[in-house]
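Accompanying notes for the structure given below.
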Amino acid sequence: MMQPGFDSSDRARTPGSFPSPLAQPSLTPPAPIATPTVSPAPLQAAAPARSGRSAPIWIGGILVILLIALVGYFLTFIGTGASLLGAILALIPLAGVLLAIRLIDRWEPEPRGLVIFALAWGAIAAVAIALGADLLIALVVGPRDTYAAEVFQTVVQAPIVEEFAKGLGVLIVYAIGRRAFDGPVDGIVYGALVGAGFAFTENIQYFAVSYLEGGVGEASTTFFVRGIMSPFAHVMFTSVTGFALGLAARRGATTGQAIGPWLMGLAGAILLHAFWNGSAVFTDFFSVYLMLQVPLFILFVIGILALRREESRLTRTRLGEYAAAGWFTPQEVDMLATPAGRKAGLNWARTLQGDRTPVMKRFIADATSLAMARQRAVTGRDPRAGEEERELLGRTAAARQALLSR
């Protein structure tokens, strides 16, 4: 049990307690953890407050207006049939990307409202901003029919305009959803969602135009290049911006303080996007794809795995504090915080009467969210973390009881 006067931040400040440069600092002393009650709260208790975890309704209204304008644009300049074909083809790579994002964020999923907003921002607002900026530049500069102008538009203008439009969406998520923006992994998830939404709408246009210009053969080639070879391109670009904001969130930066890191992440996304586009303009795209783009994607995956490992370490540390207070056993902490433990826990739940796998999944997800709420309390980033902590403690206690009941 926790001893009087125990402060888990004392342990966090001990030299050598940060095994990784990604470890999150403790900025303020956290509140002590209460000992568990005899009767836990009901399993289906009220959800934590939505403030700081959802998008305002008025932003949704703006997105709806922009969506109507985009639909009108596609129907007017591309046509109904080609647009519908492009949308069907674009759904295929989108489904694969969303599945990958879900695997990254499986055990500590972001609030559904913010997930929908991030995806919608990329698919609607970012595309509308990019189209509007391109139209404005064309009106100011005039017709650009030369090769140099085409190169500039592809390698310079498109990366800057598109990454700014997408990055703005990630920054808005940071501003409105600070209670659900815990660190680099969350930043990558939100950036990936915005990038996936943008790629979806952009693919509709590319697939539809290819079909109109070259029929099924041309559309198939475009689908192979964009839908099979590079479905994660925009996801990777915007994830760089999200990663930078995630580092700012880890340090407890306000939205204003996060502008600097956001600009640095935005610069990285623009350079990566420009490099990608340039490889198609100045060199043999397929050779560069195999020699540079594939290794780059592998490094991206390795980076995510490293961040997931750090997040697992943090979850284990924070749940260990609850174990010291009597809420979990050390064995349960290993089960809840490690990939091997989670797999073993799910297998065990399947053997229980009635197959209690859904209960175990809720138990793991709520325990992971509990660890993140504790981290926000430790770093002083969320004044409402204590409220969420109490709610999640009740839910994990009830789930634990449900698993052990006969």
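The values are calculated or read from the model by the stated rules, or taken from the named source; none is laboratory data. It should be emphasised that the depicted structure is a prediction, and the values quoted were computed from it without experimental measurement. Using ideal geometry, Cβ is built from the backbone for each residue, glycine included, and neighbour counts are taken over all protein chains shown.
Scanning for something of a type outside the set (Phe, Trp, Tyr) and outside any helix (DSSP H, G or I), does the stretch 258-273 turn up at least one residue? Yes, there is a match, as at least one residue in the stretch 258-273 is of a type outside the set (Phe, Trp, Tyr) and outside any helix (DSSP H, G or I). Only one entry of Ala249, Ala253 meets the criterion of being assigned by TED's automatic domain parsing to the domain that holds Asp186, closer than 19 Å to Asp182 by Cα and in a loop (DSSP other than H, G, I, E, B), and that entry is Ala253.
Among the residues of the stretch 278-330, those identified as charged (D, E, K, R) and either over 30 Å from Val155 (Cα atoms) or modelled with pLDDT of 85 or more (or both) are Arg308, Arg309, Glu310, Glu311, Arg313, Arg316, Arg318, Glu321. Set side by side, the residues Phe164, Phe74 differ, and just one is in a helix (DSSP H, G or I), farther than 16 Å from Ala196 by Cβ and modelled with pLDDT of 95 or more, which is Phe164. Please tell me if Val288 is of a type in the set (Val, Ile, Thr), in a helix (DSSP H, G or I) and surrounded by fewer than 17 Cβ atoms within 10 Å (Cβ to Cβ). When the stated conditions are applied, Val288 does not pass them.
What do you reckon, is Thr146 closer than 20 Å to Ala267 by Cα, assigned by TED's automatic domain parsing to the domain that holds Thr201 and polar (S, T, N, Q)? Considered against the rule, which asks whether it is closer than 20 Å to Ala267 by Cα, assigned by TED's automatic domain parsing to the domain that holds Thr201 and polar (S, T, N, Q), Thr146 comes out as no. In the stretch 228-236, the count of residues that are farther than 22 Å from Leu131 by Cβ and without any contact (Cβ under 8 Å) to a residue 12 or more places away in the chain is zero.
Residues are listed down the side, and each one gets a yes or a no for (1) in a loop (DSSP other than H, G, I, E, B); (2) among the acidic types (Asp, Glu); (3) within 13 Å of the chain's Cα centre (by Cα):
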{"site": "Ala90", "(1), (2), (3)": "no, no, no"}
{"site": "Ala95", "(1), (2), (3)": "no, no, no"}
{"site": "Leu103", "(1), (2), (3)": "no, no, yes"}
{"site": "Pro109", "(1), (2), (3)": "yes, no, yes"}
{"site": "Leu119", "(1), (2), (3)": "no, no, yes"}
{"site": "Ile124", "(1), (2), (3)": "no, no, no"}
{"site": "Leu136", "(1), (2), (3)": "no, no, no"}
{"site": "Gln153", "(1), (2), (3)": "no, no, no"}
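Only one of the listed residues (Pro109, Pro15) is modelled with pLDDT under 65, outside the structural domain of Glu389 (by TED's automatic domain parsing) and either out of contact with any Gly (no Cβ under 7 Å at 6 or more places or on another chain) or closer than 28 Å to Gly380 by Cα (or both). That residue is Pro15. When every residue of the stretch 211-225 is checked against the conditions, at least one turns out to be part of a helix (DSSP H, G or I) and on the phi > 0 side of the Ramachandran plot.
Can you say whether Ala398 is out of contact with any Cys (no Cβ under 6 Å at 6 or more places or on another chain) and either buried (at least 23 other Cβ atoms within 10 Å of the Cβ) or not in a helix (DSSP H, G or I) (or both), as far as the supplied structure shows?
Considered against the rule, which asks whether it is out of contact with any Cys (no Cβ under 6 Å at 6 or more places or on another chain) and either buried (at least 23 other Cβ atoms within 10 Å of the Cβ) or not in a helix (DSSP H, G or I) (or both), Ala398 comes out as no.
Residues considered: Phe198, Phe232. Of these, the only one that is within 19 Å of the chain's Cα centre (by Cα) and either crowded, with 24+ Cβ neighbours inside 10 Å or outside the structural domain of Phe77 (by TED's automatic domain parsing) (or both) is Phe198. Among residues of the stretch 156-172 that are within 22 Å of Pro184 (Cβ to Cβ) and in contact (Cβ under 8 Å) with a residue 24 or more places away in the chain, those with a Cβ under 6 angstrom from a residue that is surrounded by 21 or more Cβ atoms within 10 Å (Cβ to Cβ) and of a type in the set (Val, Ile, Thr), sequence gap 6+ or separate chain, pair up as Glu163/Ile270; Lys166/Val194; Lys166/Thr238; Gly167/Thr241; Gly169/Val194; Val170/Val194; Val170/Thr241.
The C-beta contact set for the stretch 379-406 (first residue within 15 Å of Thr357 (Cα to Cα), second residue of a type in the set (D, E, K, R) and in a helix (DSSP H, G or I), distance under 8 angstrom, 6+ apart or interchain) comprises Thr396/Asp366; Ala399/Arg362; Ala399/Asp366; Arg400/Glu332. I need the full set of residues from the stretch 374-401 which are closer than 20 Å to Asp334 by Cβ and of a type in the set (A, V, I, L, M), in order please. Within the stretch 374-401, Leu392, Leu393, Ala397, Ala399 qualify. Within the stretch 335-354, the set of residues being without any contact (Cβ under 8 Å) to a residue 24 or more places away in the chain and more than 19 Å from Arg395 (Cα to Cα) comprises Ala340, Gly341, Lys343, Ala344, Asn347, Trp348, Arg350, Thr351, Gly354.
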